[in-house]
Amino acid sequence: MTEPPIPEAPRLRFAPSPTGYLHVGGARTALFNWLYARHNDGKFLLRIEDTDKARSTDESTRAIFEGMEWLGLDWDEEVVYQGANLERHRADALRMLEAGSAYRCFCTPEELEERRRASAFGKEAFKYDRRCDRLPPEQIQERVDRGDPFVVRFRIPEGTTEWVDLVHERIAFPNKDLDDFVILRSNGTPIYNLAVVSDDIAMGINVVMRGDDHISNTPKQILIYRALGAELPTFAHLPMIHGMDGKKLSKRHGATAVGDYEHQGLLPSAMLNFLALLGWSPGGDREIMTMQEMIELFTPDGLQKKAAIFDPKKLEWMNGQHLSITPLSELEPRVTPAIVAAGLAAEAALATRREWYLELLDLLRVRARTIDDIVRQAGPYFLDRIEYDPEAVAKNWKDPVEAAEILKGVLETLRSDPNWEPAGLEAALRSLAESKGIAAGKIFQPLRVALTGLTVSPGIFEVLIAMGRDLALKRVADAIIWLDPEKIRH
RNA sequence: GGCGCUAUCGUCUAGGGGACUAGGACGGGGCCCUCUCAAGGCCCAAACACGGGUUCGAAUCCCGUUAGCGCUACCA
């Protein structure tokens, strides 16, 4: 078996067309290219394939940049816009025309469509019959002079076109199955396969890593490389990403744009880690990895051939893991905008008690799977007044009189605690329970509702400490009033 | 239809001729911990698509079948 050529100084690129948002499949392709470049000390470039002017938008280009930036996939040289290279594409097509590896075709789209339709009923795949390739030179000249519109078609040579793929090993296509495809439209603009090869040559790309939906484009592109006298890059065709139903991932499957995940409170590191494991494995049981670890571990032999299914449940779990392993100082800037946006606190206010704030985040992140979960839990530590979750009330304040009674005892106990530190608080509350002859939980749960309004929270003493004496005491007092409205009338 | 790619628990995967009674993770179920919920720990159910070869021996190599997916444009 032949080994695929591995370039000394790899140059890779991610080449999305700006016709929508950055799709998770595209992001995964970008990630693998980036990882390969970073692992091998190569270059990772970005090219915007905007030659389809009807579908390309600046907004999409911006979305791609934003997605890449959010993920932290930085590129090494100036962004290349394919649309700026039209002249070179045309020149390359003309070069092939002059060299005889391509020819002019005067057949109109309508004629072609008609012939295609006719052959659809037969058992043969439609292939251009090369009738224009058989035109006598004088006639071609005459029609060119007359100004008849023509496209440039690539003439598929005899033989077999094959390559050693980085993920699939050897792939071969008998040339007889290839069609004399168009490389230049009648309006002089290039077709995809020409533009890609022309640009990849110009950019010095020597490792082409892309989705395996491009496998059937590859023999055509190889033929163009040869016709242009250029050296072949190493190809790597990555498996697709499908939705839970096994079909190609699309909007029906929910969020498919990386921006959607950013807004759902995902961490880019989790997204990257999750995406990396779709179609690649470092081997063994390794799963949770930082970006740096992935760079170190990334080699093409871990690449999978089979399409992977995108499982949002595992992504969420992955995010929970990253929420825990991310250093607080890195986590804080990702959470703070959400805290501010939720109206819980101003950024400046958080900065003045940063230490307390980081401790709070540390407390909350354990039981959060998204940044939004953290924000949801954070409310009680900032808000002046809280709402009581009906479920919490029904469960832990079932008997309002009894609950109020307990909380009064708690309030008194807490007020008389001079130090407000965990051990003392716990001892005091537990002895209160003992004196009342009830289980400690019978005190903790109602108190939890008073403090947070919820049935779930961090450990009750951690809550007390994080909330601080003043707020906590106010919370308990508020709860007693809420439970016993009669009281204020007297 | 033609051509191509693929095939291990529901999902992501490890494994690459004997180490396989097929390992890990998500999800599911149970237990432990415990003031709640998470986290964590322990346990359970769950897979080599099928059929032929090759071999002393196949999840692993070869062929075929089946199924899924992709491509089959003057789209990218």
Out of A:Leu429, A:Leu464, A:Leu414, report the one residue that is among the aliphatic types (A, V, I, L, M), under 26 Å from A:Arg376 (Cα atoms) and surrounded by 15 or more Cβ atoms within 10 Å (Cβ to Cβ). A:Leu464
Tally up the residues in segment A:204-221 that are assigned to a helix (DSSP H, G or I) and either among the polar types (S, T, N, Q) or over 28 Å from A:His242 (Cα atoms) (or both), please. 4
Being farther than 20 Å from A:Asp470 by Cα, more than 15 Å from RNA strand B (Cβ to nearest atom) and in contact (Cβ under 8 Å) with a residue 40 or more places away in the chain is the requirement here; does A:Ala338 meet it? yes
The residue that is surrounded by the fewest Cβ atoms within 10 Å (Cβ to Cβ), considering only those in segment A:341-375 that are more than 15 Å from RNA strand B (Cβ to nearest atom), of a type in the set (A, V, I, L, M) and part of a loop (DSSP other than H, G, I, E, B), is A:Ala346
Here the qualifying pairs (Cβ atoms under 6 Å; residues six or more apart or on different chains; first in segment A:278-295 and within 14 Å of RNA strand B (Cβ to nearest atom); second assigned to a loop (DSSP other than H, G, I, E, B)) come out as A:Gly279/A:Pro239; A:Gly279/A:Gln304
Name the residue that is nearest to the chain's Cα centre (by Cα), counting only residues in segment A:24-59 that are surrounded by fewer than 19 Cβ atoms within 10 Å (Cβ to Cβ) and modelled with pLDDT under 95. A:Glu59
Would you call A:Gln321 among the polar types (S, T, N, Q), assigned to a helix (DSSP H, G or I), out of contact with any Asp or Glu (no Cβ under 8 Å at 6 or more places or on another chain) and within 16 Å of RNA strand B (Cβ to nearest atom)? yes
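Quick grid of which residues meet (1) of a type in the set (Asp, Glu); (2) more than 49 Å from the chain's Cα centre (by Cα); (3) more than 18 Å from A:Asp484 (Cβ to Cβ):
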| residue | (1), (2), (3) |
| --- | --- |
| A:Arg376 | no, no, yes |
| A:Arg385 | no, no, no |
| A:Trp397 | no, no, no |
| A:Ala404 | no, yes, no |
| A:Pro418 | no, yes, yes |
| A:Ala428 | no, yes, yes |
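Would you please name the residue that is nearest to A:Met289 (Cα to Cα), looking only at residues in segment A:1-44 that are part of a loop (DSSP other than H, G, I, E, B) and β-branched (Val, Ile, Thr)? Step through it out loud before you land on a result.
Going residue by residue through segment A:1-44, those that are part of a loop (DSSP other than H, G, I, E, B) are A:1-10, A:15-22, A:40-42.
Checking which are β-branched (Val, Ile, Thr) leaves us with A:2, A:6, A:19.
Details: A:Thr2: 32, A:Ile6: 26, A:Thr19: 32 Å.
Going through the qualifying residues, I end up with A:Ile6.
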Considering segment A:185-222, residues that are of a type in the set (A, V, I, L, M) and within 8 Å of RNA strand B (Cβ to nearest atom), and then whichever is surrounded by the fewest Cβ atoms within 10 Å (Cβ to Cβ), we arrive at A:Ile215
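Only residues that are farther than 30 Å from A:Val167 by Cα and either under 17 Å from the mean Cα position of the chain (by Cα) or free of Cβ contacts under 8 Å to residues at least 12 places away in the same chain (or both): list them for segment A:305-335, please.
Within segment A:305-335, A:Gly320, A:Leu323, A:Pro327, A:Glu330, A:Pro333, A:Arg334 meet the criteria.
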Check on A:Arg95, within 16 Å of RNA strand B (Cβ to nearest atom) and either at pLDDT 95 or above or farther than 18 Å from A:Gln221 by Cβ (or both): no
Select the helices (runs of 4 or more DSSP H) contained entirely in segment A:244-310, then report the ones holding at least 2 residues which are touching a strand residue (DSSP E or B) at 6+ places or on another chain (Cβ under 6 Å) and among the polar types (S, T, N, Q). none
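The values are calculated or read from the model by the stated rules, or taken from the named source; none is laboratory data. If you're wondering where the values come from, they're calculated on a predicted model, not measured in any experiment. In this analysis, Cβ positions are derived from the backbone assuming ideal geometry, glycine residues included, and neighbour counts consider all displayed protein chains.
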